[in-house]
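Novice: Here it is, the structure, as structure tokens.
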Amino acid sequence: MRPPRISRAQVLDATFDLASEAGLAAVTMRAVAARLDVTPMALYRHVGDKQGLLDGLVERLMAEITVPDVAPEEDWRAVLRSMARNIRAVARRYPDVFVLLFQRRAVTEGAQGPRQVVFRALRAAGVPEGELAGTERMLSTFVYGFAASEAGGRFAGLNIEAEFDYTAGHVEKLIEALAADSR
């Protein structure tokens with residue numbers, strides 16, 4: 001009997017579900033294969049190896065981040081705040097998987113969407129090309145760190161939206177200063 005055909009999307013969905021339910025330590029080729037009722041060898045065609053599986057998990061997590069409808073060129077501040085709020089929501093929904101973003105870079109093409117929107121917003125803000133990558137890393141580190149702290153309960157008892165708005169306002173000023181320095 002021929003084993004069932006699976007797709008990369010099914011592999012990533014099964015991996016994501018497993019990590020969400022049992023944590024990242026539970027993610028193995030064997031465990032994902034068992035969820036799909038296939039042999040571990042059937043996964044290699046779609047993800048290569050365990051590292052590819054984890055890269056795919058980052059891709060799947062990044063797909064959860066909703067990209068705003070507003071074009072970054074129209075209102076870069078609104079786009080960056082919307083992206084940050086969406087990232088915070090993903091961290092609250094999937095705290096056990098979200099920590100993977102601190103351990104792995106988004107290397108697959110499918111994981112690049114949100115990052116490219118941030119680059120467009122930073123360009124619209126006037127950040128010079130040579131500063132884009134570093135500014136994006138600074139911004140993503142702040143947003144992911146804030147989101148993970150929020151999801152972990154660090155801000156319990158505080159007005160989280162006021163904390164976010166206060167901090168985001170200062171980040172916007174920093175971005176504006178970077179843009180002004182380049183003029």
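The values are calculated or read from the model by the stated rules, or taken from the named source; none is laboratory data. Note that this is a predicted model, so its numbers are computed, not measured. When we count neighbours, we look across all protein chains shown, and the Cβ atoms used for this are built from the backbone with ideal geometry, even at glycine.
Novice: Restrict the check to the stretch 101-114 and report whether at least one residue is part of a helix (DSSP H, G or I) and within 22 Å of H170 (Cα to Cα).
Specialist: yes
Novice: With the structure loaded, tell me whether L174 is buried (at least 18 other Cβ atoms within 10 Å of the Cβ), under 24 Å from E74 (Cα atoms) and either polar (S, T, N, Q) or more than 12 Å from the chain's Cα centre (by Cα) (or both) or whether it fails that test.
Specialist: Values: buried (at least 18 other Cβ atoms within 10 Å of the Cβ): no; under 24 Å from E74 (Cα atoms): yes; either polar (S, T, N, Q) or more than 12 Å from the chain's Cα centre (by Cα) (or both): yes.
No.
Novice: Quickly run through the stretch 1-23 and pick out the residues that are among the hydrophobic types (A, V, I, L, M, F, W, C) and surrounded by fewer than 16 Cβ atoms within 10 Å (Cβ to Cβ).
Specialist: M1, A9, A22
Novice: Cβ-Cβ under 6 Å, sequence separation 6+ or interchain: first residue in the stretch 119-131 and within 11 Å of M83 (Cβ to Cβ), partner assigned to a helix (DSSP H, G or I). Which pairs?
Specialist: Close Cβ pairs (under 6 Å, with a partner that is assigned to a helix (DSSP H, G or I)) amount to A121/W76; A121/V79; A121/L80.
Novice: Do you know which residues across the stretch 51-65 are free of Cβ contacts under 8 Å to residues at least 40 places away in the same chain and surrounded by 15 or more Cβ atoms within 10 Å (Cβ to Cβ)?
Specialist: Step one: list which residues in the stretch 51-65 are free of Cβ contacts under 8 Å to residues at least 40 places away in the same chain, which gives 51-52, 64.
Correct list: G52, E64.
Novice: Among A42, A19, which is of a type outside the set (K, R), over 18 Å from E109 (Cβ atoms), under 19 Å from the mean Cα position of the chain (by Cα) and in a helix (DSSP H, G or I)? Give the steps one after another, and end with the answer.
Specialist: On the way: A42 fails: under 19 Å from the mean Cα position of the chain (by Cα).
After ruling out the rest, the residue left standing is A19.
Novice: Follow-up. Which residues, counting only those in the stretch 6-52, are farther than 19 Å from M62 by Cα and among the small types (G, A, S)? Walk me through it before giving the result.
Specialist: Restricting attention to the stretch 6-52, the residues satisfying the condition of being farther than 19 Å from M62 by Cα are 6, 22, 25-26, 28-45, 48-49.
Selection gives A22, A25, A26, A31, A33, A34, A42, G48.
Novice: Which of the residues that make up the stretch 100-118 are closer than 23 Å to P72 by Cα, of a type in the set (A, V, I, L, M, F, W, C) and surrounded by 18 or more Cβ atoms within 10 Å (Cβ to Cβ)?
Specialist: Those that are closer than 23 Å to P72 by Cα, of a type in the set (A, V, I, L, M, F, W, C) and surrounded by 18 or more Cβ atoms within 10 Å (Cβ to Cβ): A106, A111, V117, V118.
Novice: Within the stretch 20-41, can you find the residues that are at pLDDT below 95 and touching a Leu at 6+ places or on another chain (Cβ under 9 Å)?
Specialist: Of everything in the stretch 20-41, just one residue is at pLDDT below 95 and touching a Leu at 6+ places or on another chain (Cβ under 9 Å), namely L24.
Novice: Next up: When P68 is evaluated against the numbered criteria (1) under 23 Å from L53 (Cα atoms); (2) touching a residue at least 40 places away in the same chain (Cβ under 8 Å), which criterion, by number, is the only one it fails?
Specialist: (1)
Novice: Here are V70, V97: which of them is buried (at least 17 other Cβ atoms within 10 Å of the Cβ), modelled with pLDDT under 95, in the same structural domain as T141 (by TED's automatic domain parsing) and touching a helix residue (DSSP H, G or I) at 6+ places or on another chain (Cβ under 6 Å)?
Specialist: Numbers: V70 fails: buried (at least 17 other Cβ atoms within 10 Å of the Cβ).
After applying the criteria, what remains is V97.
Novice: Exactly one condition in (1) within 18 Å of A91 (Cα to Cα); (2) in a helix (DSSP H, G or I); (3) of a type outside the set (A, V, I, L, M, F, W, C) is not met by R154; state its number.
Specialist: If we test R154 against (1) within 18 Å of A91 (Cα to Cα); (2) in a helix (DSSP H, G or I); (3) of a type outside the set (A, V, I, L, M, F, W, C), just (2) comes out false.
Novice: For the stretch 28-47, indicate whether the set of residues that are touching a residue at least 12 places away in the same chain (Cβ under 8 Å), closer than 30 Å to R81 by Cβ and surrounded by fewer than 17 Cβ atoms within 10 Å (Cβ to Cβ) is non-empty.
Specialist: no
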